[in-house]
1. Can you sort B:ASP129, B:ASP259 from fewest to most other Cβ atoms within 10 Å of each residue's own Cβ?
2. Per residue of segment B:269-282, what does 6.51 cos²θ - 1.76 cosθ + 1.60 with θ = phi - 60° give for ³J(HN,Hα)? Whole Hz please, x for Gly and Pro, Karplus curve as stated.
3. Between A:VAL34 and A:THR125, 0.36 nm times their residue separation minus their Cα-Cα distance comes to what?
4. Rounded, prolate or oblate for segment B:33-374? Axes are the square roots of the Cα gyration tensor eigenvalues, ordered a ≥ b ≥ c, and the cut-off for rounded is a/c under 1.5.
5. Give me B:SER227, A:SER127, A:SER140, A:SER86 ranked fewest to most by other Cβ atoms within 10 Å of their Cβ, as a rough exposure proxy.
6. Could you work out the pair-distance distribution P(r) of segment A:39-140 from its alpha-carbon pairs, with 10 angstrom bin width and percents rounded to whole numbers?
7. Placing +1 on the Cβ of each Lys and Arg and -1 on the Cβ of each Asp and Glu in segment B:33-374, which of B:GLY292, B:VAL235, B:PRO193 has its Cα farthest towards the positive end of the resulting dipole?
8. Just tell me how shielded A:51-60 is by partners: mean number of partner chain Cβ atoms within 10 Å of each residue's Cβ, no decimals.
Amino acid sequence: MTNKATFLRSLAFVAPFAAVVLIGGPSGAHKDPVTPKQLKAYQSAFMEEVKKGDLLFHGDGATEKQMGVTLSTTGMACAMCHPMTSDTHPQSFPKFQAQMGKFATLRDMINWCIEKPNQGEKIDTDSEAMKALEAYIYWSNTGSVLVPGKY
Amino acid sequence: MSDELDRLRREVHEVLHEPGVRPDDSLQISRRTFVHRSLLVGAATVAETFSWWPLINTIDVAHAAEAPFKFAWISDTHLYPKSLNTRFVDKTIRAAKEAQAMDPPADFLIFGGDLAQLGKIEELELGLDILKEVKAKKYFIPGEHDWYLDMGKKWGELFGQPHWTFDHKGVRFIGLDTVSHGPDYWTAKNMTPEERMGHMATLDGTVAGPWAGVGREQLDWMEKTLSDWDKSKPVIIFTHNPLYEYYPPWNFWVRDWRDVQQVLKPYTKVTNIHGHVHQVLYNEIGTLRSIGMLATSWPWPYPPEGVPKLTTPMIRVDPGDPFDGVGWGKWSVDADGKPDTEYVMWGRKEVFVQSGADHDKHVEEILRPRVADNMYPFANP
C-alpha cells in the first residue's frame, strides 16, 4: 500500500469527528469571548487603583487615613521629587539598588522612599496601599521600555 | 504633539532664533574653574548627549561692570514650620551662613522665590528670620508657594513690591514677578485658600492651569525701565520661572514668554537668572541667556522632553542624602571685570554628569499626566 493511500484512508476516518468538533465545539466548552462590558469593568477596576495610588503619591491625607497608612511625617509627598512619577523608573526593576545595597523590587523601593526621604511608616508589601501605588506608578510609565536591572 | 502646535513652535523658533543671533560675545561661558572630564577624555556617550557646548559650571555675565563685585543667589527653600520639617530649615541655614561667609563679601543677596512651602505666615516669617544671617542688602521676588494662600498679602507686608529695579556698578538689575498673574481657578469651584494653595503647590497638577506669566502691565513697566538703558550695556533679570517655554506640563515657563522676548530683543547682553526648576539649566534665545539655579530644598528630575540642548545636565542625585543635588549660587567678579557664577552643590565633587549613567534620564521614560486631581469636585469645566 502506498503512503498516499494510507493517508487518504486515515483522513476518511478522522474527518467526521473533526466536522463535529468544528461545528459543535469541544464537548466541555463553556467560555464566551470577552465583551466590551467586561473590558470596561476590568479597566474600571484598574483605574480605581490608579486613582487611589495617584492620591497617595500626591500626599492626600484623606486617602492615607482611609487606607490606614502614614506615608510621610515631613510634609513631603512622593510627587514632590517625582512629578508625574518621573525618575521612579518602574521599568528598571528588579535591580541592585545602590541606596539599599541589595537586590530590590519596586515595592522595596517604594518602602525605602517612605521610610527615608519621607520619614513615614513602611507599609505591608501586599497591602492595598502598596498595590495602588504600584498601579499608579506603572500606569504613569505606560509605554516605557522594560529594562530590568538597569542602574 | 499636534500638527498645529508643531507648526506654531517651528514658526516661533524661526522668529526667535535668527541665524547668527546670540548673546553678545562679551557674555562668555567660562571654563576657567570646571572643565568637564568628558572633554578631556573624549567620552563618546557624553559628547553625543551634550553636543558642542562647553561643559561648565561658571558663567561670565558681563565685563562692562565698573568695579569688581559679588552677589549671592538663594531660592526654593520651601520652608514648612520648623516643628514639621527640620531638614529644609537646616539647609536654608547652611545656605545663609555660606552666603554670609563669601570672601570678599557679597554686595547683595537675591532670594529667588518659594521661601515658603504652603504660603503660611509662620513659614514666611521663619524664612525671613533665617535670612537675617546675611547682612548684605537683600532683594526678594515671589514664588507661587509664597503667594496663593493669601494672594501675596503676607509676602507683600514682609518684602514689599514683587517687581523692582536697581543699577549696580554698571549693570541694570530687574526683578520680575512671574507668579501672581494666574487665572482664577478657585472661585468657580469654591475652593478654600488652603485648597487653592494645595493645587498651586503641586508641580504636576492640572487644576491651576498655565499660571505663570509676566503680564502686560509688568511688561510695559519693564520696557519703560529699560528705555533709558544703553542697549549694549548689561542687564540681569531675576525671575522665579524661566522666561521661555520649558515643559509646560510642569509649568517650567511663563505663558507670555514670547512677549518677554520681544521687549528684551533690542538689548544685547541680557542674562536671566531663575529658580523654580530646582536644577542646573542653561538656554539661549536670541540675545537672551537663561540660567537655572539650584534649590536648597530638593532637586527635580529633568522632564522627559524639552530640556534645552545647550544645557549640560547636573549629576543624578542620591535620594538618600538630603544635601545632595541642592545648594545655592555664588557670583563673583574678578579684577578684570569678568564675573563668574558658581553652583554651590553640597557634597558633590562634580556638579555635572560625568558619564551617561550619571544622568537621571539614563533610564528612558515615557510619562503621562496624573488623573486624580481632575476628579470631582475639581474637574475642569
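Only the coordinates and a few stated rules stand behind these numbers; no lab work does. Because the structure is a prediction, the values reported are computed rather than measured. Cβ placement follows ideal geometry from the backbone for every residue including glycine, while neighbour counts extend to all protein chains displayed.
1. Placing the least packed residue first, the sequence is B:ASP129, B:ASP259.
2. With the stated coefficients, segment B:269-282 comes to 10, 10, 10, 9, 10, 9, x, 6, 8, 6, 6, 5, 8, 9 Hz.
3. 29.6 nm
4. Details: a/c = 1.28, a/b = 1.11, b/c = 1.16.
It is rounded, given that a/c, with a ≥ b ≥ c, falls under 1.5.
5. B:SER227, A:SER127, A:SER86, A:SER140
6. P(r) over segment A:39-140, rounded to whole percents: 16, 51, 29, 5, 0.
7. B:VAL235
8. If you average over the peptide's residues, the count of other-chain Cβ atoms is 4.
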